[in-house]
Amino acid sequence: MTAYATAAIDSGFTEHLMQLRAAVDGRLDELLPAASNERDLVAAAIRDGALAPGKRMRPLLLLLAADGLGADQRPALDLACAIEMVHAASLILDDMPCMDNAQLRRGKPTVHLTFGEDIAILAAVALLSRAFGVVASIDGLRPLVRTQLVEVLANTIGSQGLVKGQLQDLRDGKHARTEEEIAATNNLKTGVLFGAIMDMAYLLSDAPKPVRGVLQRFAVELGHAVQLFDDLQDINPNSDKDQGKDDGKSTLLALCGEQKVRERLDGHLARAQICLDEAYRGDVYIGRFLRMLFG
Ligand code: GRG
């Protein structure tokens, strides 16, 4: 059993997660550019978007996933921060007037409202660039592993990944879609980043090859669950983001209704747990983490 897993048993899982979260937030703070003066609006916007109090689901998952596979936690922490930078960049862009036109994100005004649209675009581009810079400079990685990590990240973001999912969501979301079409978009928009997280954990480890495919199946199920949970926030008055942004959009919530979406979400989580049990030969920690997130 690894040091992190032992600590989890000793001090309680919640405390363990809080420690991991503090480690992520501390390292993000170090890795993000500091605003050199009050005119350095891009650095200020980067920090505003990326350090805002989100759930840090993706970096925490990467740390738990890598630890469960016996991987070294030091490179995993920097990779986790790179993933959170990509996620933060995607939220800044998604919130812009030409996309979702959102006002509230993580309980705060969206980055373009605080800093202007020009600065928001520059901050998102700089965050992406920083994410690749972080992966390029992680200490002690074998060259092939580093190249694979860069490739995974690039493919995840690009025109066949997040960008494609967003394009489909923006354009096709205005028209009637089948359940399968919506699910395919959700997988690209949300699932592929979880695919990258699990692949990165695998690449850092010496896990046997078949585990890689099982982790990808887990990521697909989790991506669907996270997107459905996110869709439900659109009708949740206690959400930390705007409600009603999906009005008139073809989502699974609009097509199937809340009850069916909740059942569907539970189904994805149950299948995700089966994959975890297979990959980790009886997972405890990631499953517990997900149950805490999805209540
Ligand atoms: C170039 C990175 C990049 C992206 C371009 C804008 C875009 C394409 C993609 C946006 C994709 C998007 C916003 C998907 C929704 C993902 C989602 C479910 C977000 C909410 O995640 P949480 O609940 O949020 O983990 P917090 O705030 O807790 O981190």
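The values are calculated or read from the model by the stated rules, or taken from the named source; none is laboratory data. All of these numbers come straight from a predicted model, not from anything done at the bench. Reconstructed Cβ throughout: ideal geometry from the backbone, glycine too, with neighbour counts over all protein chains shown. When the accessible area is computed, the model is the full protein with side chains, heavy atoms only, and any ligands, DNA or RNA have been set aside. Shrake-Rupley method; radii C 1.70, N 1.55, O 1.52, S 1.80 Å.
Across segment 8-89, how large is the tail of the calculated P(r) beyond 22 Å, expressed as a percent of all Cα pairs?
Values: 929 of 3321 pairs.
Percent of Cα pairs beyond 22 Å in segment 8-89: 28.
Of all trypsin sites (Lys or Arg not before Pro) in segment 263-295, which ones are in loop regions per DSSP and have a Cβ with at most 16 other Cβ atoms within 10 Å?
Working: sites: Arg264, Arg271, Arg281, Arg288, Arg291; in loops: Arg281.
Sparse-neighbourhood loop trypsin sites (Lys or Arg not before Pro): Arg281.
Largest first, how would Lys249, Lys174, Lys164 line up by accessible area (1.4 Å probe)?
Lys174, Lys164, Lys249
Count the lysine pairs in the chain whose Cα atoms sit under 13 Å apart, keeping only pairs 8 or more residues apart in sequence or on different chains.
Details: Lys55/Lys241; Lys108/Lys241; Lys164/Lys189; Lys174/Lys245; Lys174/Lys249.
So the count of such lysine pairs works out to 5.
Counting only Cα, what are the radius of gyration and maximum Cα-Cα distance Dmax of segment 199-295, in Å?
15.6, 47
Say R0 is 45 Å: what FRET efficiency, to the nearest 0.05, do Gln148 and Cys256 get from their beta-carbon distance? Provide the component values of the computation, followed by the final result.
Numbers: r = 38 Å, r/R0 = 0.84.
Given R0 = 45 Å and the Cβ-Cβ separation, E is 0.75.
Would you mind calculating the gained length between Arg212 and Thr114 on full extension (0.36 nm times residue separation, minus the Cα-Cα distance), in nm to one decimal? Could you put the intermediate results ahead of the total?
On the way: separation 98, 0.36 × 98 = 35.28 nm, distance 4.13 nm.
In short, 31.1 nm is gained.
To the nearest 20 debye, what charge dipole does the chain have about its Cα centre, counting +1 at the Cβ of each Lys and Arg and -1 at the Cβ of each Asp and Glu? Mind dumping the intermediate values first?
Working: 32 positive and 40 negative charges, 69 e Å.
About 340 debye.
Restricting everything to alpha-carbon atoms, can you work out Rg to Rh for segment 20-59 with a Kirkwood hydrodynamic radius?
Numbers: Rg = 10.9 Å, Rh = 10.8 Å.
That ratio equals 1.01.
Pick out, in residue order, every one of the GluC sites (Glu not before Pro) in segment 10-97 that is DSSP loop and has at most 10 other C-beta atoms within 10 Å; say none if there are none.
On the way: sites: Glu15, Glu30, Glu38, Glu84; in loops: Glu38.
Hits after loop and neighbour filter: Glu38.
How big is segment 36-188 by the Kirkwood estimate over distinct Cα pairs, in Å? Show your work: numbers first, answer last.
Numbers: mean 1/r = 0.0596 Å⁻¹.
Evaluated over segment 36-188, this radius sits at 16.8 Å.
Past the 37 angstrom mark, what percentage of all C-alpha to C-alpha distances in the chain do you count?
It works out to 11 percent of all Cα pairs.
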